[in-house]
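Here's the structure we're looking at; comments come further down.
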Amino acid sequence: MAKPKLLSTHKLFEAPRKLLDEHFDVDYWERPERPPRAEVLARVADKEALICLLTEKINDELLDAAPKLRIVCNVAVGFDNIDVAACTRRKIVATNTPGVLDETTADFAWTLLMAVARRLVEGDQLTRSGAWAGWNLDQLCGADVWGKTLGLVGFGRIGRAVARRAAGFGMRILYNDAIPVAPEVAQQLNAEFVERDKLFAEADFVSVHVPLLPETRHLISAAQFAKMKKTAYLINTSRGPVVDEAALVAALQTGEIAGAALDVYENEPKVHAGLVGRKDVVLAPHIASASVETRTKMAMMAVENCVARFEGKKPPNALNPEVL
Ligand code: DGY
């Protein structure tokens with residue numbers, strides 16, 4: 001029997017690719033750059049399954065171009081690139097990759113936090129430049145991390161993984177989320193639920209861990225920066241539009257906050273021009289989950305969801321299981 005046709009907008013890694021090839025007739029986008037939209041629309045036309053990255057917009061335009069599609073598997077936990085309701089209307093299952101990237105992403109939130117607080121990127125640049133004249137008492141002094149207050153905006157799996165790592169730094173941990181966690185979980189993590197305003201006012205490091213939803217777009221804007229300490233830092237590994245970048249640039253320019261470390265941007269891959277030249281920001285290219293182990297697991301999870309759909313099983317990470 002002919003295998004179902006699938007488009008993968010990435011070549012994936014060895015193990016998930018092997019599994020995918022066993023079950024599907026796969027059309028891979030093999031090139032290193034992301035595929036042009038027109039190419040995706042043309043190639044998806046005769047496909048029953050799609051494995052995509054967060055850079056692909058899965059909306060009415062794409063779904064209309066793919067009348068045979070039965071499943072869309074995002075290789076990412078965030079799925080703000082997918083119009084799930086539009087998929088549901090067409091009885092197309094949409095899936096994501098929750099859980100497997102929490103610890104790796106938390107590691108990276110800490111990487112950013114430490115890098116901006118201790119001016120690592122500036123130090124690296126100085127050391128490489130040949131301009132370093134040797135040890136000096138006031139050279140590249142940053143801010144202490146140990147013993148400070150960490151404010152977590154969003155306390156889901158990733159926020160809690162970030163909190164766990166703070167224990168070694170003897171930090172006070174504040175968090176805010178739509179629903180507070182069970183008291184025993186908060187106690188175990190030594191974390192205190194506070195209203196958002198208090199979190200912004202008291203945290204030395206504000207780290208963002210909410211999904212992008214209409215209600216979280218520009219959740220951190222001028223009003224929040226105005227509440228923050230002048231010595232505080234913002235860390236964002238969630239989604240760029242959660243932070244109002246223009247307001248962030250203004251807050252840095254006026255010294256309302258001390259710095260920021262970002263992995264995500266409002267209009268990726270564009271970065272606000274006001275951020276690029278600043279020494280008080282650390283800028284990473286959306287790589288918080290980018291360990292070989294984790295990215296391989298994410299791809300494998302997407303493939304397993306796809307396989308399940310065609311074996312008549314419920315894909316384990318279906319975002320709209322009601323279509324099944
Ligand atoms: C996600 O999975 O949503 C990240 O942004 C990429 O790992």
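The values are calculated or read from the model by the stated rules, or taken from the named source; none is laboratory data. Owing to the predicted nature of the structure, the values given are computational and were not obtained by experimental measurement. With ideal geometry, Cβ positions are generated from the backbone for all residues, glycine too; neighbour counts draw on all protein chains shown. For the accessible areas, the whole protein counts, side chains as well, though only heavy atoms, and no ligand, DNA or RNA atoms are used. Shrake-Rupley method; radii C 1.70, N 1.55, O 1.52, S 1.80 Å.
One line per residue, one yes/no per condition, for (1) closer than 24 Å to residue 243 by Cβ; (2) among the hydroxyl-bearing types (Ser, Thr, Tyr); (3) in contact with a strand residue (DSSP E or B) (Cβ under 9 Å, 6 or more places away or on another chain); (4) without any contact (Cβ under 8 Å) to a residue 40 or more places away in the chain:
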position: 271; (1), (2), (3), (4): yes, no, yes, yes
position: 280; (1), (2), (3), (4): yes, no, yes, no
position: 288; (1), (2), (3), (4): yes, no, no, no
position: 296; (1), (2), (3), (4): no, yes, no, no
position: 302; (1), (2), (3), (4): no, no, yes, no
position: 311; (1), (2), (3), (4): no, no, no, yes
position: 317; (1), (2), (3), (4): no, no, yes, no
With (1) surrounded by 14 or more Cβ atoms within 10 Å (Cβ to Cβ); (2) touching a strand residue (DSSP E or B) at 6+ places or on another chain (Cβ under 7 Å) as the list, and residue 3 as the residue in question, which single condition is left unmet?
-> (1)
Show the residue pairs that are 6+ apart or on different chains and have beta-carbon atoms under 6 Å apart, the first residue being within the stretch 122-142 and in the same structural domain as residue 261 (by TED's automatic domain parsing) and modelled with pLDDT of 95 or more, the second being among the basic types (Lys, Arg) and not in a helix (DSSP H, G or I).
-> 122/279; 140/119; 142/118; 142/119
Which residue, of 219, 213, is over 30 Å from residue 18 (Cα atoms) and buried (at least 17 other Cβ atoms within 10 Å of the Cβ)?
-> 219
Among the listed residues 284, 302, 260, 251, which satisfies the condition of being within 16 Å of the ligand (Cβ to nearest atom) and buried (at least 22 other Cβ atoms within 10 Å of the Cβ)?
-> 302
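With the structure loaded, tell me whether residue 242 is crowded, with 16+ Cβ neighbours inside 10 Å, among the aliphatic types (A, V, I, L, M) and touching a Gly at 6+ places or on another chain (Cβ under 7 Å) or whether it fails that test. Please lay out each step first, then the result.
Details: crowded, with 16+ Cβ neighbours inside 10 Å: yes; among the aliphatic types (A, V, I, L, M): yes; touching a Gly at 6+ places or on another chain (Cβ under 7 Å): no.
Answer is no for this residue.
Take residue 80 and tell me if it is assigned to a loop (DSSP other than H, G, I, E, B) and within 26 Å of the chain's Cα centre (by Cα). Spell out how you get there, then give the answer.
Values: assigned to a loop (DSSP other than H, G, I, E, B): yes; within 26 Å of the chain's Cα centre (by Cα): yes.
Taking the combined requirement at face value, the residue satisfies it.
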Unmet criterion (only one of (1) surrounded by fewer than 18 Cβ atoms within 10 Å (Cβ to Cβ); (2) of a type in the set (A, V, I, L, M); (3) within 16 Å of the ligand (Cβ to nearest atom)) for residue 45 | (3)
Which one of 147, 134 is open to solvent by 10 Å² or more (accessible area, probe 1.4 Å), assigned to a loop (DSSP other than H, G, I, E, B) and out of contact with any Gly (no Cβ under 8 Å at 6 or more places or on another chain)?
-> 134
Among 62, 50, which is touching a strand residue (DSSP E or B) at 6+ places or on another chain (Cβ under 7 Å), open to solvent by less than 10 Å² (accessible area, probe 1.4 Å) and of a type in the set (A, V, I, L, M)?
-> 50
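Residues that are outside any helix (DSSP H, G or I) and either touching an Asp or Glu at 6+ places or on another chain (Cβ under 8 Å) or free of Cβ contacts under 8 Å to residues at least 12 places away in the same chain (or both): does the stretch 37-49 have at least one? Can you show your working first?
Our first condition is that a residue be outside any helix (DSSP H, G or I); within the stretch 37-49, this holds for 45-49.
Filter again for either touching an Asp or Glu at 6+ places or on another chain (Cβ under 8 Å) or free of Cβ contacts under 8 Å to residues at least 12 places away in the same chain (or both), leaving 47.
Yes: one or more hits.
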Could you check how many residues of the stretch 161-178 are surrounded by 22 or more Cβ atoms within 10 Å (Cβ to Cβ), under 15 Å from residue 103 (Cβ atoms) and more than 18 Å from the chain's Cα centre (by Cα)?
-> 1
Has the stretch 91-112 got any residue that is open to solvent by 30 Å² or more (accessible area, probe 1.4 Å), more than 16 Å from the ligand (Cβ to nearest atom) and of a type in the set (D, E, K, R)?
-> yes
Which residue pairs have Cβ atoms closer than 8 Å, lie 6 or more positions apart in sequence or on different chains, and pair a first residue in the stretch 92-117 that is farther than 16 Å from residue 289 by Cβ with a second residue that is among the small types (Gly, Ala, Ser) and within 16 Å of the ligand (Cβ to nearest atom)?
-> 95/302; 113/207; 113/261; 115/261; 116/261
